[in-house]
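Here the structure comes first, spelled out in structure tokens, and everything after it is commentary.
The values are calculated or read from the model by the stated rules, or taken from the named source; none is laboratory data. This one's a predicted model, so the numbers in the text were calculated from it and none came from an experiment. Neighbour counts are summed over all protein chains in view; Cβ atoms, including those assigned to glycine, are modelled from backbone coordinates with ideal geometry.
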Amino acid sequence: MHIIAKIVKHDITDKDIARELACGGTSEQALKRLIDRCLMLAKADQLGMVVTDEEFDIALMELLDEEEPFGLPAGSLQNMEALEMETLLRNSILIRKYLSTLYPIEQPIEEEKLKELYDEQIQNFCSEEMVRCSHILIKGEDALKRITEIRSHINNRDDFFRACSYSSECPSNRCCGDLGFFPRGKLFPEIDSVAFNMEIDEISEPFASPEGYHILILTDRKCKAPIPFEEIKSSLAAQILQMEREYILMKHLDELYEEFKSQIKLFEDAVQ
């Protein structure tokens, strides 16, 4: 194990970097996140903050139920030594306690202010355009030949649904081939390029996707439209509060870097 950096009394090792990289980002970003945490731990230590046994036990039980403990891939705890897991958990609890001292008591955001923001940025609060289609799917080496023959006998929606029930090789044939409503990007691009350029009750010509060959019928469409204020005001308030917290934390970390700058030691090979 190789020491990459020393932040006050906390060491950052190559093993820490490797674990942090599993959470995403570059080596530089991983190191920055680790330094940020070490600075908060140093300040918490300075303030005499500690983790009680009760806090640890509660957090441990919660950790064991998490699908991605510490933001790591599922199953990571099985490959972690007991002391390493305990250290990570105690540090996580201490940082969480420290962060709680940074943020002021949250006051509800006035609805008038929320509505003003909603009206100013209404273009950002729109639902996606969605279409609803049914399809006939044919697979196999002779799929194009068979689906072309099927299409030649379809002249209207009744013909389509009749053919779907006895010809389609998708389990959706039990419900008239219904794919439900979907936005762009949810299904294959080949389906999107056809579905979003059709009119209601229009029936497509056969086309290919990685699944096989399809015939589509467009059965409904939901156009892009503003999400009503009443439906979005709660999530909008939560977003504003989160942005305020992120701004407070960013400023505070800058202050910690300045306060402890003489105790931040990065070694020459800190980032490979």
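One line per residue, one yes/no per condition, for (1) β-branched (Val, Ile, Thr); (2) surrounded by fewer than 17 Cβ atoms within 10 Å (Cβ to Cβ):
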residue	(1), (2)
CYS170	no, no
LYS186	no, yes
VAL194	yes, no
ILE217	yes, no
Item checked: the stretch 1-42, residues that are hydroxyl-bearing (Ser, Thr, Tyr) and touching a helix residue (DSSP H, G or I) at 6+ places or on another chain (Cβ under 9 Å) -> SER27
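Within the stretch 243-251, can one find any residue that is in contact with a strand residue (DSSP E or B) (Cβ under 6 Å, 6 or more places away or on another chain) and surrounded by 13 or more Cβ atoms within 10 Å (Cβ to Cβ)? Walk me through it before giving the result.
So in the stretch 243-251, the residues in contact with a strand residue (DSSP E or B) (Cβ under 6 Å, 6 or more places away or on another chain) come out as none.
Among the residues of the stretch 243-251, not one is in contact with a strand residue (DSSP E or B) (Cβ under 6 Å, 6 or more places away or on another chain) and surrounded by 13 or more Cβ atoms within 10 Å (Cβ to Cβ), which makes the answer no.
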Note to self: Could you go through the stretch 178-188 and let me know if any residue there is of a type in the set (A, V, I, L, M) and in a loop (DSSP other than H, G, I, E, B).
What the structure shows: yes
Check: Which residues, counting only those in the stretch 128-156, are surrounded by fewer than 16 Cβ atoms within 10 Å (Cβ to Cβ) and under 17 Å from SER204 (Cβ atoms)?
Finding: LEU144, THR148, GLU149, SER152, HIS153, ASN155, ASN156
Checklist line | Number of the exception - TYR213 against (1) surrounded by 13 or more Cβ atoms within 10 Å (Cβ to Cβ); (2) modelled with pLDDT of 95 or more; (3) out of contact with any Pro (no Cβ under 9 Å at 6 or more places or on another chain); (4) within 24 Å of GLU149 (Cβ to Cβ) | finding: (3)
Next item on the list: Among the residues of the stretch 202-224, write down those that are under 17 Å from HIS153 (Cβ atoms), touching a Lys or Arg at 6+ places or on another chain (Cβ under 9 Å) and not hydrophobic (A, V, I, L, M, F, W, C).
Entry: SER204, GLU205, PRO206, TYR213
Check: Taking the stated definitions as given, is ARG132 assigned by TED's automatic domain parsing to the domain that holds PRO171, in a helix (DSSP H, G or I) and not β-branched (Val, Ile, Thr)?
Finding: no
